[in-house]
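Novice: Let me begin by handing over the structure; questions about it come next.
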Protein chains: 2
Amino acid sequence: MKAPDPPPDDGRETGDLPNERLRSGMHRVADRIADYLDSVGESRVVPRVEPGALLESLPESPPREGEDLDRILDDYERLIEPNVTHWNHPGFLAYFGITGSAPGILGEALAAALNVNAMLWRTGPAAVELEERVCDWVRQLVGLPLGFHGHINDTASTSTLVALGAARDARRPEVRRLGLSGGEIPPLVVYASDQAHSSVDKAAMALGLGLQQVRRVASDGAFRMRADELEEAIAVDRAAGREPLAVVATAGTTSTTSVDPLHEIAEICGREGIWLHVDAAYAGPAACLPERREMFRGWERADSIVLNPHKWLFTPIDCSLLFVRDLEGLKRAWSVIPAYLASEESVTNPMDLGFQLGRRFRSLKLWMVLRGFGVSGVQDRIREHCRLANEFASWVDEHPTFERVAPVPFSVVCFRARFGAPEERQNELQRRLLEMVNVAGPVFLSGTELNGRFTLRVAVGNLRTREAHLRTAWDLLVESARRLNEEVGG
Amino acid sequence: MKAPDPPPDDGRETGDLPNERLRSGMHRVADRIADYLDSVGESRVVPRVEPGALLESLPESPPREGEDLDRILDDYERLIEPNVTHWNHPGFLAYFGITGSAPGILGEALAAALNVNAMLWRTGPAAVELEERVCDWVRQLVGLPLGFHGHINDTASTSTLVALGAARDARRPEVRRLGLSGGEIPPLVVYASDQAHSSVDKAAMALGLGLQQVRRVASDGAFRMRADELEEAIAVDRAAGREPLAVVATAGTTSTTSVDPLHEIAEICGREGIWLHVDAAYAGPAACLPERREMFRGWERADSIVLNPHKWLFTPIDCSLLFVRDLEGLKRAWSVIPAYLASEESVTNPMDLGFQLGRRFRSLKLWMVLRGFGVSGVQDRIREHCRLANEFASWVDEHPTFERVAPVPFSVVCFRARFGAPEERQNELQRRLLEMVNVAGPVFLSGTELNGRFTLRVAVGNLRTREAHLRTAWDLLVESARRLNEEVGG
C-alpha cells in the first residue's frame with residue numbers, strides 16, 4: 001500500500017492536494033482561528049452589510065482551474081469572516097448565546113479529517129462507542145437516572161421529530177406501514193405550552209399530524225404550562241374522539257427560559273398513558289448545578305428528553321442529544337434496513353435511531369469539551385452565566401425607565417423600557433429601541449413577544465461574555481431609551 | 001470591549017481556554033491531520049476491534065476537573081483514531097467511497113471557529129449568501145438550467161424528506177394544518193424503483209404516508225425503473241382511489257449506480273401532474289462530465305433534485321444539496337415563524353426551507369473544495385474514478401472465476417465469484433468471500449443483494465485510491481475465491 005501509482009498517463013493530477021499544502025494550510029487556519037477568537041470582540045457583532053452585497057462580490061461561476069489555498073484563505077479573510085454575524089463575540093446576547101469553545105473546535109477539525117460516517121457500528125466503531133459513552137457522561141452530569149439512552153442528532157428540531165415519531169409508533173404501530181390517512185386513525189394530538197418552541201409545530205407538520213393537532217396549552221403568569229389546562233385539554237380531546245399522543249414540556253422556553261411544572265405534567269402523562277417529551281435543548285445543561293436541579297424534578301419520568309450541547313455546553317454547532325428510555329422502541333419506530341446496509345454485529349447501529357442515514361462523528365467534539373472543562377469547569381461556567389444574567393436583571397429592576405417582564409431562572413433576561421407614550425405605540429418603541437442598540441455594533445440583542453407585548457431579551461451563553469459587555473449593552477439601552485423618550489416627549 | 005473583567009471574585013476560571021492553548025492545540029491538530037492523512041493507507045481500513053472494547057477503555061464518568069488539551073489529544077491518538085473505520089483510506093471501497101479533501105477540512109475547521117448558526121440571513125449574512133452562490137456553482141457544474149434554487153441540508157435523508165414534504169404540501173395544502181388522519185385525505189403514494197434508497201421509505205414513514213404507500217416499481221435487467229410499470233402502478237392506484245404524490249427517480253442507485261430513465265419518467269410525471277424528485281445523491285456530480293451528461297437527460301424537468309457533495313464532491317460529511325424549482329412553494333410547505341425569530345429583511349431565511357431551525361455554515365467547505373480543485377479538477381477526478389472502476393470491471397470480465405452482474409455507469413462495480421457448489425450455497429459463499437477479503441485489512445468492500453443474489457461491490461470514491469489499491473483488492477478476491485473453491489471442491 002506504500003507505493004501508489006503515479007497519476008494517470010495524461011499527467012492530470014487526480015488525488016487530493018499534496019500533503020504539504022494541507023499541512024501548511026492547516027497551520028495557517030490554526031493561526032487564523034486563534035487570531036479571530038482573540039480579536040472577535042473588537043468588531044461589530046452583526047456586520048454592516050446589505051442583503052445581496054456579498055453575493056455580488058462572489059464570482060458568478062466556479063473557477064475553471066483549481067486555485068491556491070492561500071488565495072482562497074485570503075478571500076475567506078477578506079470576504080467571509082468580516083461578513084458573518086459573530087456568534088463567538090462576547091457581545092452576542094441574542095436568541096441563545098452559544099460558544100464554539102477551544103476543545104470543541106479541535107474536535108471538529110479532527111472529525112473533518114477522519115470523515116467518518118458512523119451510520120453503522122462497523123463504519124465507525126470508535127465513533128459509535130464514544131457517542132454512547134459521552135452521552136452517558138452528560139446523563140450523569142445533569143443527574144438523570146440510569147435507563148436513559150442517549151444519541152446525538154444535528155438539531156433539536158430533528159431530536160423532537162425523532163422523539164415524536166417514536167411516540168407515534170408506540171401509540172399506533174400500524175401507522176409505520178399504513179400511514180395516517182384512510183380513515184382508521186383519529187387525529188393524534190400533541191400538547192405543548194403557548195411558550196413551547198416552533199420545532200414542536202414543525203415536527204407535528206412533518207409527521208403528518210397537522211399544526212391543528214398541536215394543542216397550545218395556556219401558561220401561567222411566569223410562562224409555565226398550566227397543568228390544569230393540560231388536563232382539561234386532554235379531556236376535551238378524548239371526548240371529541242381525538243387521541244392524545246404526547247406532551248412536550250419545556251425546561252427553558254425560548255422566550256423567557258421558563259420551566260414547565262415537569263413533575264405535575266409527568267403525573268398527568270403517567271396517569272393518562274401519554275408520551276412525555278421534555279425539551280431541555282437550552283436549559284438542560286444547567287441541571288448540572290445542584291442548586292438548580294430541583295427545577296428539573298419530574299424530567300426523570302420522561303420518555304424522551306432533548307438537550308443541545310451546541311447551545312449551553314460549549315460545543316460547536318451542530319450537536320443535539322436525544323435521550324430515550326425505550327431504545328428498542330425507538331428502533332422499532334425508525335429502523336429500515338436495506339440489503340446494502342445489512343450488518344452482522346449485534347450492536348446498535350446509529351442509522352436505526354432516526355430517519356437520517358449518514359451520521360457525523362459529533363461525539364468527538366463533545367468528548368473534548370467535557371474533558372477540557374471537566375464537570376466542575378462546566379458548572380462554574382454555567383453558574384457564572386446565571387450570575388451575569390441576574391446581575392443584569394438587577395440593573396433593570398433598579399432603573400425607573402425599565403421593567404422586567406419575566407423571572408430569570410437561568411441566563412436570559414426579558415425586559416421592556418417604559419415610554420411616555422400611549423399603549424398602542426409601546427411595541428413599536430420597544431422595536432426601535434432594540435434596533436438602536438443593535439445598530440451601534442458592540443452588542444446584539446433579540447426580541448420576542450409575551451402576551452402580545454414586544455419584549456427585549458439579553459441572553460448570556462458565550463464564554464467570552466463578561467460583566468463589562470453587559471454593561472455596554474445596558475449603557476446603550478439606557479441612552480437609547482432616553483433619546484426615544486425625548487423624541488416622544490416622555 | 002478591549003478590557004474584559006477579570007474572573008469573578010472566587011477566582012474560578014469561567015472563560016474559554018486561554019487563547020495560547022487554543023493556538024498550540026490547533027497547531028498540534030494541524031500536524032496530526034496531515035500526518036494521519038499521509039499515513040492512513042498503512043493501517044487496516046476497518047480496525048480489528050470487538051464491539052464494546054473501546055467503551056470499556058473509556059472512563060465511566062466525566063472528569064471532575066478540566067484536563068490538559070495535550071492529554072486529551074494523546075488519548076485521541078491512542079484510543080480514537082486507531083479505532084475508527086478509515087473512510088479516507090485509499091482501500092476504502094465499500095458503500096460509496098468518499099473524501100474529506102484538504103480544502104474541505106480547512107473549511108470545516110474555520111466553520112467550527114465561526115460557529116455561525118445561519119438560521120436567518122441576519123444571523124449569518126455571509127453564510128446564507130455564500131450558500132446561495134455555491135449551490136448555483138454546483139448547478140452550473142452539473143449543467144442544470146436556471147430556475148433551480150439550491151440549499152444545503154445535512155444528509156440526503158433530510159433532503160428527500162424535505163422535498164417530499166413540499167410535494168405533499170403542493171398536492172394537499174390542507175395537510176399542513178389538518179394532518180393526514182380524519183378520513184378526508186386518501187392514501188398518498190410515492191413511486192420509486194425496487195433499487196431506490198431506503199431514505200425514500202424513511203421519508204414516507206416520517207411524513208405519515210406509511211411504508212405501504214411506497215410503490216416499489218420493478219426495474220429492468222440493468223436495474224433501471226421500468227417506465228411502463230410505473231405508468232401501470234399509477235393507473236392502478238388511481239383506480240383504487242389512492243392519490244399519486246411523487247415519483248422518486250434515482251440517478252445512481254445505491255447497489256449498482258443504475259440510472260432510471262429520467263426523460264421518460266419526467267414525461268409521465270408531467271402528463272400525470274406528479275411531483276418528480278430525483279435522487280442523484282451519489283452520481284449527481286458526474287453530470288459535470290460532458291460524456292456522461294446524457295445519462296441525466298430529463299432531470300432538468302424535476303421538481304426537486306438531491307445531490308450530496310459529501311459523497312462524490314470531496315466535501316467532508318455532512319453536506320447534501322437540495323435543488324427545488326419552486327422556492328416559494330418550499331417555504332409555504334415548511335415555514336413556521338415564531339415571534340422570537342421574526343426578522344425584517346426581505347431575504348430567504350434558511351430556517352424556512354425545512355424542519356430544522358439550526359443551520360451549520362456548510363457552504364464554506366464546499367466553496368473551498370470547488371475553488372481548490374476548480375471545475376476541471378473536479379472533472380479529472382471523477383473521470384479518473386470512473387476509469388478505475390471500469391479497469392476493475394475489465395479484470396472481473398476477463399477472469400473465469402468471476403462474473404460481473406451489472407453495468408458500470410460510474411465508479412461502482414458489482415460482481416460475484418463462481419463457486420463449484422450448489423445454487424443454494426452460492427450466497428453464503430459470496431458472503432464468506434467478502435468477509436475473507438475484509439478481514440485481511442488493506443481494503444474494505446461491502447455487499448448488496450440483486451434479485452435475491454448476494455453481490456460484492458467495489459466503489460471508488462476516495463481521492464487516494466489508485467490502481468494499485470484496486471489491484472490489492474483484486475488479488476485478495478482471486479486468492480480468497482480460489483481457497484473457497486478448494487474448500488467446496490469446486
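Novice: If only one of A:LEU450, A:LEU434 is under 25 Å from A:ALA251 (Cβ atoms), under 24 Å from the mean Cα position of the chain (by Cα) and among the aliphatic types (A, V, I, L, M), which one is it?
Specialist: Answer to the selection: A:LEU450.
Yes/no per residue for (1) small (Gly, Ala, Ser); (2) surrounded by fewer than 24 Cβ atoms within 10 Å (Cβ to Cβ); (3) without any contact (Cβ under 8 Å) to a residue 40 or more places away in the chain; (4) closer than 28 Å to A:ALA203 by Cα:
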| site | (1), (2), (3), (4) |
| --- | --- |
| A:ARG71 | no, yes, yes, no |
| A:LEU79 | no, yes, yes, no |
| A:HIS86 | no, no, no, no |
| A:GLY91 | yes, no, no, no |
| A:LEU106 | no, no, no, no |
| A:ARG139 | no, yes, no, yes |
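Novice: May I ask you to list pairs of residues, at least six apart or on different chains, whose Cβ atoms are under 6 Å apart, with the first in the stretch A:33-60 being not assigned by TED's automatic domain parsing to the domain that holds A:PRO316 and the second being modelled with pLDDT under 95?
Specialist: A:GLY41/B:MET1; A:PRO51/B:GLU345; A:PRO51/B:VAL347
Novice: Still on this structure, please answer the following. Go through A:ALA127, A:ALA113 for me and flag whichever is without any contact (Cβ under 8 Å) to a residue 12 or more places away in the chain, crowded, with 24+ Cβ neighbours inside 10 Å and either closer than 30 Å to A:ILE337 by Cβ or touching a Phe, Trp or Tyr at 6+ places or on another chain (Cβ under 9 Å) (or both).
Specialist: A:ALA113
Novice: Further question: When only residues in the stretch A:340-372 that are touching a Pro at 6+ places or on another chain (Cβ under 6 Å) and aliphatic (A, V, I, L, M) count, which is modelled with the lowest pLDDT?
Specialist: Among residues in the stretch A:340-372 that are touching a Pro at 6+ places or on another chain (Cβ under 6 Å) and aliphatic (A, V, I, L, M), the one modelled with the lowest pLDDT is A:VAL347.
Novice: Here's a follow-up. Any residue that is over 20 Å from B:GLY273 (Cβ atoms), touching a residue at least 12 places away in the same chain (Cβ under 8 Å) and either within 7 Å of chain A (Cβ to nearest Cβ) or of a type outside the set (D, E, K, R) (or both) - is there at least one of those in the stretch B:229-244?
Specialist: No: the stretch B:229-244 contains no residue that is over 20 Å from B:GLY273 (Cβ atoms), touching a residue at least 12 places away in the same chain (Cβ under 8 Å) and either within 7 Å of chain A (Cβ to nearest Cβ) or of a type outside the set (D, E, K, R) (or both).
Novice: Within the stretch B:332-339, can one find any residue that is at pLDDT below 95 and out of contact with any helix residue (DSSP H, G or I) (no Cβ under 9 Å at 6 or more places or on another chain)?
Specialist: For the stretch B:332-339, residues at pLDDT below 95 and out of contact with any helix residue (DSSP H, G or I) (no Cβ under 9 Å at 6 or more places or on another chain): present.
Novice: What number of residues in the stretch A:195-211 are touching a strand residue (DSSP E or B) at 6+ places or on another chain (Cβ under 7 Å) and either of a type outside the set (S, T, N, Q) or farther than 26 Å from A:GLY165 by Cβ (or both)?
Specialist: Adding up the residues that qualify gives 6.
Novice: Oh, and also: Residues in the stretch B:473-482: is at least one touching a strand residue (DSSP E or B) at 6+ places or on another chain (Cβ under 6 Å), farther than 30 Å from B:PRO309 by Cβ and either among the aliphatic types (A, V, I, L, M) or modelled with pLDDT of 95 or more (or both)?
Specialist: Looking for residues that are touching a strand residue (DSSP E or B) at 6+ places or on another chain (Cβ under 6 Å), farther than 30 Å from B:PRO309 by Cβ and either among the aliphatic types (A, V, I, L, M) or modelled with pLDDT of 95 or more (or both), one finds at least one in the stretch B:473-482, hence yes.
Novice: A:GLN212 passes all but one of (1) farther than 19 Å from A:SER159 by Cβ; (2) polar (S, T, N, Q); (3) touching a Ser or Thr at 6+ places or on another chain (Cβ under 9 Å); which number fails?
Specialist: For A:GLN212, the exception is condition (3).
Novice: Additional query: Among the residues of the stretch B:190-213, write down those that are touching an Asp or Glu at 6+ places or on another chain (Cβ under 7 Å) and more than 10 Å from chain A (Cβ to nearest Cβ).
Specialist: B:SER193
Novice: Only one of A:SER61, A:SER57 is under 22 Å from B:GLN140 (Cβ atoms), touching a helix residue (DSSP H, G or I) at 6+ places or on another chain (Cβ under 7 Å) and more than 7 Å from chain B (Cβ to nearest Cβ). Can you tell me which? It would help to see each step written out before you state the result.
Specialist: Working: A:SER61 fails: more than 7 Å from chain B (Cβ to nearest Cβ).
Within the list A:SER61, A:SER57, the selection yields A:SER57.
Novice: Output the residues belonging to the stretch A:343-353 that are more than 8 Å from chain B (Cβ to nearest Cβ) and part of a loop (DSSP other than H, G, I, E, B).
Specialist: Pass one, the stretch A:343-353, residues more than 8 Å from chain B (Cβ to nearest Cβ): A:343-344, A:348-353.
A:SER343, A:GLU344, A:THR348, A:ASN349 - these are the residues of the stretch A:343-353 that are more than 8 Å from chain B (Cβ to nearest Cβ) and part of a loop (DSSP other than H, G, I, E, B).
Novice: Further question on the same structure: Looking at the stretch B:354-376, which of its residues are of a type in the set (Gly, Ala, Ser), more than 8 Å from chain A (Cβ to nearest Cβ) and in a helix (DSSP H, G or I)? If you could, list the steps in order and put the result at the bottom.
Specialist: Going through the stretch B:354-376, the residues of a type in the set (Gly, Ala, Ser) turn out to be B:354, B:358, B:363, B:372, B:374, B:376.
Then drop every residue that is not more than 8 Å from chain A (Cβ to nearest Cβ), which leaves B:354, B:363.
If the condition is that a residue be of a type in the set (Gly, Ala, Ser), more than 8 Å from chain A (Cβ to nearest Cβ) and in a helix (DSSP H, G or I), then B:SER363 is the only one that fits.
Novice: Looking at (1) within 7 Å of chain B (Cβ to nearest Cβ); (2) more than 28 Å from A:LEU37 (Cβ to Cβ); (3) in a helix (DSSP H, G or I), can you tell me which one A:ILE72 breaks?
Specialist: (2)
Novice: Another question, then. Suppose the filter is surrounded by fewer than 22 Cβ atoms within 10 Å (Cβ to Cβ), over 30 Å from B:LEU476 (Cβ atoms) and more than 7 Å from chain A (Cβ to nearest Cβ); does B:SER24 pass it? It would help to see each step written out before you state the result.
Specialist: Numbers: surrounded by fewer than 22 Cβ atoms within 10 Å (Cβ to Cβ): yes; over 30 Å from B:LEU476 (Cβ atoms): yes; more than 7 Å from chain A (Cβ to nearest Cβ): yes.
For B:SER24, the condition - surrounded by fewer than 22 Cβ atoms within 10 Å (Cβ to Cβ), over 30 Å from B:LEU476 (Cβ atoms) and more than 7 Å from chain A (Cβ to nearest Cβ) - is met.
Novice: For the stretch A:277-336, give me each residue that is touching a Lys or Arg at 6+ places or on another chain (Cβ under 7 Å) and either without any contact (Cβ under 8 Å) to a residue 24 or more places away in the chain or among the β-branched types (Val, Ile, Thr) (or both).
Specialist: Correct list: A:THR315, A:ILE317, A:VAL336.
Novice: Considering only residues that are in a strand (DSSP E or B) and either under 27 Å from B:ARG292 (Cα atoms) or of a type outside the set (Phe, Trp, Tyr) (or both), which ones fall in the stretch B:449-459?
Specialist: Of the stretch B:449-459, the ones in a strand (DSSP E or B) are B:449-450, B:453-459.
Answer for the stretch B:449-459, where residues must be in a strand (DSSP E or B) and either under 27 Å from B:ARG292 (Cα atoms) or of a type outside the set (Phe, Trp, Tyr) (or both): B:GLU449, B:LEU450, B:ARG453, B:THR455, B:LEU456, B:ARG457, B:VAL458, B:ALA459.
Novice: Within the set of pairs 6+ apart or on separate chains, which have a first residue in the stretch A:437-463 that is modelled with pLDDT of 95 or more, a second that is among the small types (Gly, Ala, Ser) and surrounded by fewer than 18 Cβ atoms within 10 Å (Cβ to Cβ), and C-beta atoms under 6 Å apart?
Specialist: A:THR448/B:ALA339; A:GLU449/B:ALA339
Novice: Having 1 or more residues that are touching a Cys at 6+ places or on another chain (Cβ under 7 Å) and crowded, with 22+ Cβ neighbours inside 10 Å is the bar; report the strands (runs of 3 or more DSSP E) wholly within the stretch B:243-324 that clear it.
Specialist: B:243-250, B:275-279, B:320-324
Novice: If you go through the stretch A:394-448, how many residues are assigned to a helix (DSSP H, G or I) and not β-branched (Val, Ile, Thr)?
Specialist: The qualifying residues number 20.
Novice: So, of the residues in the stretch A:33-54 that are β-branched (Val, Ile, Thr) and outside any loop (DSSP other than H, G, I, E, B), which turns out to be farthest from the other protein chains (Cβ to nearest Cβ)?
Specialist: A:VAL40
Novice: OK, next. Can you tell me which residues in the stretch A:92-139 are within 21 Å of the chain's Cα centre (by Cα), more than 7 Å from every other protein chain (Cβ to nearest Cβ), among the small types (Gly, Ala, Ser) and part of a loop (DSSP other than H, G, I, E, B)?
Specialist: Within the stretch A:92-139, A:ALA94, A:GLY97 qualify.
One line per residue, one yes/no per condition, for (1) closer than 30 Å to A:ASP380 by Cβ; (2) in contact with a strand residue (DSSP E or B) (Cβ under 8 Å, 6 or more places away or on another chain); (3) at pLDDT 95 or above:
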| position | (1), (2), (3) |
| --- | --- |
| A:SER193 | no, yes, yes |
| A:GLN213 | no, yes, yes |
| A:ALA218 | no, yes, yes |
| A:ALA227 | no, no, yes |
| A:GLU232 | no, no, yes |
| A:VAL247 | no, yes, yes |
| A:ALA251 | yes, yes, yes |
| A:LEU262 | yes, yes, yes |
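Novice: Within the stretch B:169-177, does at least one residue satisfy the condition of being more than 10 Å from chain A (Cβ to nearest Cβ) and among the hydrophobic types (A, V, I, L, M, F, W, C)?
Specialist: Within the stretch B:169-177 (the criterion being more than 10 Å from chain A (Cβ to nearest Cβ) and among the hydrophobic types (A, V, I, L, M, F, W, C)), the answer is yes, since at least one residue qualifies.
The values are calculated or read from the model by the stated rules, or taken from the named source; none is laboratory data. Computed from a prediction, not measured in an experiment: that's the story for all the values here. Every residue, glycine as well, gets a Cβ built from its backbone with ideal geometry; the counts of neighbours run over all protein chains shown.
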